[in-house]
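Read through the structure below, which is laid out as structure tokens, and then see the notes.
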Amino acid sequence: APSVLFPDRAPAGDALVTGTPASGGRATGPVRVIREAAEFGRLRSGDVLVCPYTNPSWTPLFQRAAAVVVDAGGSGSHAAIVAREYGIPAVMGSATGTSDLVDGQVVTVDGDTGRVTGD
């Protein structure tokens with residue numbers, strides 16, 4: 001049954017992380033966990049940006065990211081809006097993305113279902 005707290009949340013199944021689908025499409029790439037502005041330089045083109053939140057200072061990262069997975073927020077939050085502008089998949093409100101996913105781990109982000117799976 002759907003959760004009252006997370007009505008759009010996909011069932012976990014074989015997913016590593018789930019959240020609210022916020023920008024459609026699928027993309028596969030290596031995880032890069034970025035927790036603060038001082039780490040922005042670590043994100044390489046084609047990486048999956050995994051972060052606790054975003055604000056406007058994070059916007060340039062979306063030019064390089066293949067997809068984004070964010071611990072907090074929903075489909076109306078900054079990261080979701082910017083991901084849609086750049087046409088990259090986004091999963092919001094994962095709660096545990098920054099703790100469950102590790103740098104270099106290859107994942108597929110499905111922005112239509114809110115699921116992040118391993119490859």
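Some points to look at:
- Local electrostatic count at Gly104 - Lys and Arg +1, Asp and Glu -1, tallied over other residues with Cβ under 13 Å: 0
- Tensor-based shape of region 15-100 (alpha-carbon gyration tensor, a/c under 1.5 rounded, otherwise prolate or oblate): rounded
- Region 51-119: C-alpha gyration tensor shape, a/c 1.5 cut-off, then a/b vs b/c: rounded
- Projected label points at Gln63 and Asp119, each 7 Å from Cα along the beta carbon direction, are separated by 2.4 nanometres.
- Where the chain is the region considered: accessible area per residue in Å², 1.4 Å probe: 46 Å²
- Per-pair calculated FRET efficiency, R0 = 30 Å: Val102 and Ala37 via Cβ, rounded to 0.05: 0.90
- For Arg35, net neighbour charge (Lys/Arg +1, Asp/Glu -1) across residues whose Cβ lies under 15 Å away: -4
- Full-extension gain in nm, Asp14 to Ala95, via 0.36 nm per residue minus C-alpha separation: 27.5 nm
- Helix content alone sets the calculated 222 nm mean residue ellipticity of the chain: runs of n ≥ 4 DSSP H residues at -39500 (n - 2.57) each, divided across all residues, give -2500 deg cm²/dmol.
- Share of carbon and sulfur in the accessible heavy-atom surface of region 9-119 [1.4 Å probe, %]: 52 percent
- Of all DSSP beta bridges in region 50-119, antiparallel share, percent nearest 5: 50 percent
The values are calculated or read from the model by the stated rules, or taken from the named source; none is laboratory data. Worth saying up front: this structure is predicted, and the values here are computed from it rather than measured. When we count neighbours, we look across all protein chains shown, and the Cβ atoms used for this are built from the backbone with ideal geometry, even at glycine. Side chains included, ligands, DNA and RNA excluded: accessible areas come from the protein's heavy atoms. Shrake-Rupley method; radii C 1.70, N 1.55, O 1.52, S 1.80 Å.
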